[in-house]
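Reviewing the structure listed below.
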Amino acid sequence: MTAVIVDPPTLAERLAAGPVLVVDARADLADPAKGPAAHAAAHVPSAVHADLERDLSDLSRANLGRHPLPTRAAFSALLSRWGWRPDLPVVVYDDAAGALAAARAWWLLRAAGSADVAVLDGGFGAWRAAGLPLESGAAPPRSPSSVEVDFDPALHLDADALAAALGAGAVVLLDARAAPRYRGEVEPIDPVAGHVPGARNRPYTENLDAAGRFKPPSVLAAEFAALTGGRAPHEVVHMCGSGVTACHNVLAMTHAGLPGSRLFAPSWSGWIADRSRPVATGA
């Protein structure tokens, strides 16, 4: 399996060796202008910027959570502007150890058929700390391509499919939110607190060590096996508040040698869009 986590020296080597599409996915949910501004100030050489709300989501799609997946046509157009093709290596980074938009961009690219896409371990901070080259301003225009992609239906499911799978005991659902939000003790964003009945809590922060780098694959594999009872990856579904940090758990499982887990993209905000759906609180 192609590595899905790369360190800064490895990315530098790949950039020197041949074509790589580098995607700067830095974002701030509280300040949408912050990500583009950070990119303009300094970025990995040749990196394009992906905006979480405009490029990696389609906020016009109703009842699908706070960050609905982009449409097939919109994502195809974005990839074409970037000059992407299925065999072009891609490395994505943000400034939150992959936990914000980098893991989301990784999942979208992978679901769209990218053969070689990875996340930069430690993100932009690790690249800068390594003393590697930086660019500022707008990246040079890339030669466009013409691609049409769709998201592999085997990698995600909607609320009705999730409810049916949970009812049949066919899946284990992991919730990537912090424990107090999962338990319903606090809810700073969504109008209803709690979690999907039957979901288990796996805060995405548990994928990282004290330095903010991904834990070794063997450690992650053991932790996920203990949490899921050793269920096969395709029987594991991930969610969070809006389908963004859930991708970090998909990424961590893949890094652990457990590819094939699925995403409930609408996540909690999409689940509660229908107030008739059940809600649980507590551990």
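The values are calculated or read from the model by the stated rules, or taken from the named source; none is laboratory data. This structure is a prediction, so every number in the text was calculated from the model and none was measured. Glycine gets a Cβ as well: all are built from the backbone with ideal geometry, and neighbour counts include every protein chain shown. Just the protein is used for accessible areas: all its heavy atoms, side chains included, with ligands, DNA and RNA removed. Shrake-Rupley method; radii C 1.70, N 1.55, O 1.52, S 1.80 Å.
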Next item on the list: Starting at the first residue of region 202-217, write each ³J(HN,Hα) from the Karplus equation 6.51 cos²θ - 1.76 cosθ + 1.60 with θ = phi - 60°, in whole Hz, x for Gly and Pro.
Entry: 9, x, 4, 4, 6, 7, 10, 8, 5, 8, x, 10, 5, 4, x, x
Check: Thinking of the chain as a set of Cα atoms, what percent of all their pairs are more than 24 Å apart?
Finding: 47 percent
Check: Between region 153-225 and region 52-130, what's the alpha-carbon centroid distance in Å?
Finding: 20 Å
Notebook entry, point to check: Dipole size in debye (nearest 20) for the chain around its Cα centre, Lys and Arg Cβ +1, Asp and Glu Cβ -1?
Noted result: 220 debye
Notebook entry, point to check: Once phi is turned into ³J(HN,Hα) by the Karplus curve 6.51 cos²θ - 1.76 cosθ + 1.60 with θ = phi - 60°, what whole-Hz value does each residue of region 236-248 show in order, with x for glycine and proline?
Noted result: 10, 10, 10, 9, 7, x, 9, x, 9, 5, 4, 5, 5
Item checked: Cα gyration tensor, region 111-251 - rounded (a/c under 1.5), prolate or oblate -> prolate
Next item on the list: Tally up the carbon and sulfur contribution to the accessible surface of region 122-268 as a whole percent, 1.4 Å probe, everything protein left in place.
Entry: 56 percent
Check: Which far-off residues, 5 or more places away or on another chain, put their amide H under 5 Å from the one on His49, with H placed in the peptide plane?
Finding: Asp24
Notebook entry, point to check: Given Trp82, Ala138, Leu174, which one lies farthest toward the positive end of the charge dipole of region 77-196, if we put +1 on the Cβ of every Lys and Arg and -1 on the Cβ of every Asp and Glu?
Noted result: Ala138
Item checked: Karplus-derived 3J(HN,Hα), 6.51/-1.76/1.60, for each residue of region 82-99, Hz, glycine and proline x -> 7, x, 6, 9, x, 9, 7, x, 10, 10, 10, 9, 9, 10, 9, 6, x, 7
Next item on the list: With a 1.4 Å probe and every protein chain kept in, tell me what percent of the accessible surface of region 39-83 is carbon plus sulfur.
Entry: 53 percent
Item checked: Length-normalised contact order for the chain - Cα pairs under 8 Å, 6+ apart - percent -> 22 percent
Notebook entry, point to check: Cα extents of region 34-143 along the three principal axes, largest first, in whole Å?
Noted result: 43, 28, 23
Next item on the list: Would you work out which of His238, Ser261, Ser276 lies farthest towards the positive end of the dipole of region 182-283? Charges go on Cβ: Lys and Arg +1, Asp and Glu -1.
Entry: Ser261
